[in-house]
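Report on one structure; see the data block that follows.
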Amino acid sequence: QVQLVESGGGLVQAGGSLRLSCAASGRSLSSYAMGWFRQAPGKEREFVAAISYSAGSTRYSDSVKGQFTISRDSAKNTVYLQMNSLKAAETAVYYCPADRNLRTMASVTKTQYEDWGQGTRVTVST
């Protein structure tokens, strides 16, 4: 029900930073918990971060905790992922799906999300 467009990816040197954006082109995101997942070639799509519909709580994978920050801006109908101290292991396509249900807390389970968008590619060079 929500069309999402991820952007902000690109080529960055190890140790650098990127801020990914996830903008809705249709309905408002304000009633949906949102997640960030990533998938490298030949790898499983994995959880990165999530934020509740109210933005009152966030969750992170252990691998990015303290390194990445998820946030949302209701005025811009956009969710962000600030990525700092990037490593080669962060090279992947990043997605920002919306929760399948309204007014939920942040989930780490990818099957609970929908409207994945096309993703944005992040490449970290060494």
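The values are calculated or read from the model by the stated rules, or taken from the named source; none is laboratory data. Please read all numbers here as calculations on a predicted model, not as lab measurements. We place every Cβ from the backbone using ideal geometry, glycine too, and count neighbours over all the protein chains shown. All accessible areas refer to the heavy atoms of the entire protein, side chains included, with ligands and DNA or RNA removed. Shrake-Rupley method; radii C 1.70, N 1.55, O 1.52, S 1.80 Å.
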Check your understanding: Conditions: (1) in contact with a Leu (Cβ under 8 Å, 6 or more places away or on another chain); (2) hydrophobic (A, V, I, L, M, F, W, C); (3) at pLDDT below 95. A75 meets all but one. Number of the miss?
Key -> (1)
Review point. Does S54 fit the bill of being within 16 Å of V5 (Cα to Cα), out of contact with any Phe, Trp or Tyr (no Cβ under 8 Å at 6 or more places or on another chain), hydroxyl-bearing (S, T, Y) and modelled with pLDDT under 95?
Key: no
Revision key, fill the gap. For segment 6-26, pairs from a residue that is free of Cβ contacts under 8 Å to residues at least 24 places away in the same chain and open to solvent by 30 Å² or more (accessible area, probe 1.4 Å) to a residue that is assigned to a loop (DSSP other than H, G, I, E, B) and of a type outside the set (S, T, Y), with Cβ under 7 Å and 6 or more apart or across chains, are S25/Q3
Review point. Across segment 96-126, what is the number of residues that are of a type in the set (S, T, Y), outside any loop (DSSP other than H, G, I, E, B) and open to solvent by less than 30 Å² (accessible area, probe 1.4 Å)?
Key: 2
Exercise for review: Could you grab the pairs with beta carbons closer than 7 Å, sequence gap of 6+ or different chains, first residue in segment 72-93 and more than 30 Å from T126 (Cβ to Cβ) and of a type in the set (S, T, N, Q), second one open to solvent by less than 30 Å² (accessible area, probe 1.4 Å) and modelled with pLDDT under 95?
Suggested key: N77/A24; N77/L29
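Within segment 1-29, restricting attention to residues that are in a loop (DSSP other than H, G, I, E, B) and modelled with pLDDT of 95 or more, which residue is nearest to V93 (Cα to Cα)? Break it down stepwise before answering.
Going through segment 1-29, the residues in a loop (DSSP other than H, G, I, E, B) turn out to be 1-3, 8-9, 14-17, 25-29.
Still in the list and also modelled with pLDDT of 95 or more: 8-9, 14-17.
Details: G8: 11, G9: 8, A14: 16, G15: 18, G16: 17, S17: 16 Å.
Here the answer is G9.
Answer yes or no as to whether V93 is touching an Asp or Glu at 6+ places or on another chain (Cβ under 9 Å) and either surrounded by 14 or more Cβ atoms within 10 Å (Cβ to Cβ) or not in a loop (DSSP other than H, G, I, E, B) (or both). Full working, then the answer.
Numbers: touching an Asp or Glu at 6+ places or on another chain (Cβ under 9 Å): yes; either surrounded by 14 or more Cβ atoms within 10 Å (Cβ to Cβ) or not in a loop (DSSP other than H, G, I, E, B) (or both): yes.
The answer is yes for V93.
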Practice item. Please determine, by comparing only the residues of segment 31-49 that are assigned to a loop (DSSP other than H, G, I, E, B) and open to solvent by 60 Å² or more (accessible area, probe 1.4 Å), which one is modelled with the lowest pLDDT. Key: P41
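For segment 50-83, enumerate the residues that are assigned to a loop (DSSP other than H, G, I, E, B), open to solvent by 10 Å² or more (accessible area, probe 1.4 Å) and of a type in the set (S, T, Y). Please lay out each step first, then the result.
The initial filter retains those residues of segment 50-83 that are assigned to a loop (DSSP other than H, G, I, E, B), namely 52-57, 61-64, 66-67, 74-77.
From the residues that got through so far, the ones that are open to solvent by 10 Å² or more (accessible area, probe 1.4 Å) too are 53-57, 61-63, 66-67, 74-77.
Of everything in segment 50-83, those that are assigned to a loop (DSSP other than H, G, I, E, B), open to solvent by 10 Å² or more (accessible area, probe 1.4 Å) and of a type in the set (S, T, Y) turn out to be Y53, S54, S57, S61, S63, S74.
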**Study point:** Subset of segment 86-126 [among the acidic types (D, E) and on the phi < 0 side of the Ramachandran plot]
**Key:** E90, D99, E114
